[in-house]
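Report on the following structure.
The values are calculated or read from the model by the stated rules, or taken from the named source; none is laboratory data. Only a predicted model underlies this, so the values are computations on that prediction, with no experimental measurement involved. Reconstructed Cβ throughout: ideal geometry from the backbone, glycine too, with neighbour counts over all protein chains shown. Accessible surface areas use protein heavy atoms only, side chains included; no ligands, DNA or RNA. Shrake-Rupley method; radii C 1.70, N 1.55, O 1.52, S 1.80 Å.
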Amino acid sequence: MDLILVLTVISVTLFTVLGLFLLVTQKGNKRANRLLGLFFFLWALDFLDGVLLLKGFYLNYPNFALWAEPLILLYGPLLYFYTLQLTSPKKRPNYFQLLHLIPFVVGILAMILVYHIHPVDQKMQILKGIVGMEQDFRSLLGFALVYVHLFYYIHISKKEIKRVTKNVEWYFSQRYLVWLDKLLNALVVVLLISIVNGILQYSALKFYFEISLIVILVLVCLFIVRLILNALDEPFIIPKLDGVKRNSGIPLDLKESEEIFTKIQVALKEKRLFMESDLTLGHLSEAIGCSSRKVSQVINDSMGHSFFDLINTYRIAEAQKIFKERKDPKLTVLEVMYEVGYNSKSSFNTQFKKKTGITPSEFLKLNT
């Protein structure tokens, strides 16, 4: 069987399953889940439609061809809307956001004028040109505009993430934002290879075009498999509505909650208690003069963490800082591990990779 077709079927199946799951799940931020689910579902349709087009399937059904082409103009807006849902989950969508859909509407109208209103004979000529890699200048211009459109939305999505993640401790506590940033980076890689793929297509270099298409499909398959495996291990792909874990305790007075919050911040940021290897919730509570119950409730409600996740977040952020600013070229991972409060190398490696995506040794090499 054709390798491209096999890889396409695998990619489409994986994207469809993940997309449908996110569209129907009742967990977490439903609006964010549906936006991401629709993105994956449309990506599946686009992959399937593209391969059917290039393999000549539509030569037998010309009236059904090219209807999916404008869908690519929804990728960018969907990613951007999803990003906004993660960074500002309580902010309601507004009608001005519909302006982002104008390129999609223009794309539909353009395809109607360029292809769909023509008789079958003319449609067949257009399809044969695509399959035979003999497309005209208008197709090349449309190709360029589509990729400019995608890169623009990736740029403003990353800019939005950067805007709300100036606090490195907060950033690495929001696993879905870390994942979203990686998704955008992965898309940049796929798009760059896709540009090469498109150039080869317009150059009629069929062999190299198919090789680059196989590379894209393999990368996409690996990405989606890794995503699904990670999501099974830790469901960060489905963020809570406000990114905060709710505590079932008695609600605290707002003023008292803010006072405890400030004391925790002072204890961790200024007194740096997180670097004490034997630090417990009880020790922290005693240090700031509050009950363990109240401290735990503020950490959960106002800071979006469990106690141990909060401490690990501060420790890993401090470890990164030490690695980046180290003065001793012989500095080792073990030295940093002990300095930030860990006694177990396996725990340090696990938490570091969980919050940064790479191991301490890899991070050290990258910053050498």
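Among residues of segment 333-344 that are open to solvent by 90 Å² or more (accessible area, probe 1.4 Å), those with a beta-carbon under 6 Å from a residue that is of a type outside the set (A, V, I, L, M, F, W, C) at least six positions away or on a different chain give the pairs Asn343/Ser277.
Evaluated against (1) over 30 Å from Glu134 (Cβ atoms); (2) in contact (Cβ under 8 Å) with a residue 12 or more places away in the chain, Phe47 falls short on exactly one condition, (1). For residues in segment 355-368 being free of Cβ contacts under 8 Å to residues at least 24 places away in the same chain, of a type outside the set (A, V, I, L, M) and assigned to a helix (DSSP H, G or I), which is least open to solvent (accessible area, probe 1.4 Å)? Result: Glu362.
Among Leu74, Leu79, Leu52, Leu36, which is free of Cβ contacts under 8 Å to residues at least 60 places away in the same chain, touching a helix residue (DSSP H, G or I) at 6+ places or on another chain (Cβ under 6 Å) and surrounded by 17 or more Cβ atoms within 10 Å (Cβ to Cβ)? Reasoning before the result, please.
On the way: Leu79 fails: free of Cβ contacts under 8 Å to residues at least 60 places away in the same chain; Leu52 fails: touching a helix residue (DSSP H, G or I) at 6+ places or on another chain (Cβ under 6 Å); Leu36 fails: free of Cβ contacts under 8 Å to residues at least 60 places away in the same chain.
So the residue among Leu74, Leu79, Leu52, Leu36 that is free of Cβ contacts under 8 Å to residues at least 60 places away in the same chain, touching a helix residue (DSSP H, G or I) at 6+ places or on another chain (Cβ under 6 Å) and surrounded by 17 or more Cβ atoms within 10 Å (Cβ to Cβ) is Leu74.
In segment 231-245 there is no residue matching the filter, namely being modelled with pLDDT of 70 or more, in a helix (DSSP H, G or I) and open to solvent by 60 Å² or more (accessible area, probe 1.4 Å). Output the residue which, of all residues in segment 304-330 that are touching a residue at least 60 places away in the same chain (Cβ under 8 Å) and assigned to a helix (DSSP H, G or I), is surrounded by the fewest Cβ atoms within 10 Å (Cβ to Cβ). Per the stated criteria, the residue is Asp309.
Given the criterion under 22 Å from the mean Cα position of the chain (by Cα), at pLDDT 80 or above and either farther than 19 Å from Ile72 by Cβ or surrounded by fewer than 18 Cβ atoms within 10 Å (Cβ to Cβ) (or both), identify the matching residue among Asn167, Asn185. Show your work before the answer.
On the way: Asn167 fails: at pLDDT 80 or above.
When all the criteria are applied, what remains is Asn185.
If we keep just the residues of segment 105-156 that are of a type in the set (Val, Ile, Thr) and at pLDDT below 90, which is farthest from Val196 (Cα to Cα)?
So the first thing to find is which residues in segment 105-156 are of a type in the set (Val, Ile, Thr), and the list is 105-106, 108, 112, 114, 117, 120, 126, 130-131, 146, 148, 154, 156.
Among the residues that remain, those that are also at pLDDT below 90 are: 114, 126, 130-131.
On the way: Val114: 25, Ile126: 22, Ile130: 17, Val131: 18 Å.
Here the answer is Val114.
Are any of the residues in segment 248-258 over 27 Å from Gln320 (Cα atoms), at pLDDT below 80 and acidic (Asp, Glu)?
Filtering segment 248-258 down to residues over 27 Å from Gln320 (Cα atoms) leaves 248-258.
Subset that is at pLDDT below 80: 248-254.
Now narrow it down to the ones that are acidic (Asp, Glu): 253.
Yes, that holds for at least one residue.
Within segment 336-344, the presence of a residue that is under 30 Å from Glu259 (Cβ atoms) and aromatic (Phe, Trp, Tyr) is excluded. All of Gly304, Gly341 fail the test of being at pLDDT below 90, of a type outside the set (Lys, Arg) and on the phi > 0 side of the Ramachandran plot, apart from Gly304.
Taking first residues from segment 189-211 that are within 18 Å of Leu5 (Cα to Cα) and open to solvent by 60 Å² or more (accessible area, probe 1.4 Å) and partners that are part of a helix (DSSP H, G or I) and of a type in the set (S, T, N, Q), no Cβ contact under 8 Å between residues at least 6 apart in sequence or on separate chains turns up.
The lone criterion from (1) within 30 Å of the chain's Cα centre (by Cα); (2) modelled with pLDDT under 85 left unmet by Pro360 is number (2).
In segment 1-16, the residues that are open to solvent by 70 Å² or more (accessible area, probe 1.4 Å) reach residues that are at pLDDT 85 or above with C-beta atoms within less than 7 angstrom, at least six apart or across chains, in these pairs: Leu3/Ile214.
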